[in-house]
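Visitor: Pasting in a structure now, in structure tokens, and then I'll have a few things to ask.
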Amino acid sequence: MSGKTVENKVERAANNKNVSLPMSRVKLIMKSSPDVSCINQDALFLTTKATELFVQHLALSSYNKGSGKQKNTLSYSDLADAAEETETFQFLTDILPKKILARDYLKSLEEMEEVDDN
Amino acid sequence: MAERPEDLNLPNAVITRIIKEALPEGVNVSKEARRAISQAASVFVLYATSCANSFAMKAKRKTLNAGDVMAAMEEMEFERFLPPLREALEAYKKGQKGKKEASEQKRKDKEKKNGTEENDKSREEEDDEEEHMEDEPDAENEGEEEDVEN
């Protein structure tokens with residue numbers, strides 16, 4: 001069922017023709033990419049719209065897969081899980097790292113060192 | 001150009017609203033989750049831009065166009081966005097061109113064809129001509145041709 005709801009939501013978003021994110025800001029982000037010189041208006045509009053669809057898609061599929069569903073919450077770990085498990089969200093793993101306890105991290109560091117020593 | 005790092009963030013209020021729209025009613029979104037989604041959205045823009053740009057470069061064009069963005073979506077495996085994007089772009093173009101004269105004409109033609117009433121319905125929709133960002137004259141293209149090394 002989750003797949004279907006995602007689609008419904010995406011469809012609903014499509015019915016809303018205009019964008020709510022500021023295109024000027026999106027343009028700024030696009031231009032911060034080093035080798036981009038010009039962006040035509042349609043491309044800017046499409047990117048803005050796509051970003052909105054993306055936000056909804058990310059939120060909804062993280063929520064549907066996530067553990068917070070019973071608690072009616074979308075939490076950071078749901079997002080991090082989605083980034084790790086969903087192929088299309090893989091590019092997010094760098095900015096959505098899984099949280100890890102310091103002691104687990106230290107342990108894994110130690111293990112790595114041991115491997116290096118051998 | 002972006003002066004401060006915050007310039008590369010998307011407005012939180014808008015992001016929050018978009019998230020709320022997507023989720024079932026009454027779902028709580030933690031502050032951390034909201035911030036993360038907002039950052040993810042910025043990264044998405046950059047990723048899409050760089051994909052689209054590589055299509056433009058392949059075609060020896062300097063300006064990113066709609067086709068490049070659509071191709072980028074496919075490349076990123078977000079095909080599901082293509083139909084809604086196409087639809088939205090169409091609507092956007094109509095809205096931009098000739099103050100909807102074109103669409104009005106079309107609608108009238110259609111109405112004639114269907115022999116339906118309510119001509120006044122088309123009128124109601126005229127008011128939402130919100131500020132389409134004035135095209136900043138793309139003069140500040142200093143970075144015109146950064147040497148691309150890859």
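Visitor: Report the accessible surface area buried between chains A and B, summing both sides, using a 1.4 Å probe on protein heavy atoms only, in Å² rounded to the nearest 100.
Guide: Using a 1.4 Å probe, the pair buries roughly 6100 Å².
Visitor: Within segment A:81-102, which residues have the backbone N less than 18 Å from the label spot 7 Å out from A:Leu109 along Cα→beta-carbon, could you tell me?
Guide: Answer for this model: A:98-102.
Visitor: To continue, here is another question. Pairs B:Lys20/B:Lys58; B:Lys20/B:Lys62; A:Lys65/B:Lys31; A:Lys49/A:Lys71; B:Lys20/B:Lys97: which are spaced more than 28 Å apart, C-alpha to C-alpha?
Guide: Result: B:Lys20/B:Lys58; B:Lys20/B:Lys62; A:Lys49/A:Lys71; B:Lys20/B:Lys97 exceed 28 Å.
Visitor: Based on the mean of other Cβ atoms within 10 Å per residue, sort peptides A:50-56, A:26-32, B:22-28 so the most packed one is first.
Guide: Details: A:50-56: 24.7, A:26-32: 20.6, B:22-28: 14.3.
Per-residue mean Cβ counts within 10 Å order the peptides as A:50-56, A:26-32, B:22-28.
The values are calculated or read from the model by the stated rules, or taken from the named source; none is laboratory data. For clarity, every value in this text was computed on a predicted model and none was experimentally measured. Because the Cβ atoms are built from the backbone with ideal geometry, glycine has one as well, and the counts that use them run over all protein chains shown. Side chains are part of the model used for accessible areas, which takes the heavy atoms of the whole protein and leaves out ligands, DNA and RNA. Shrake-Rupley method; radii C 1.70, N 1.55, O 1.52, S 1.80 Å.
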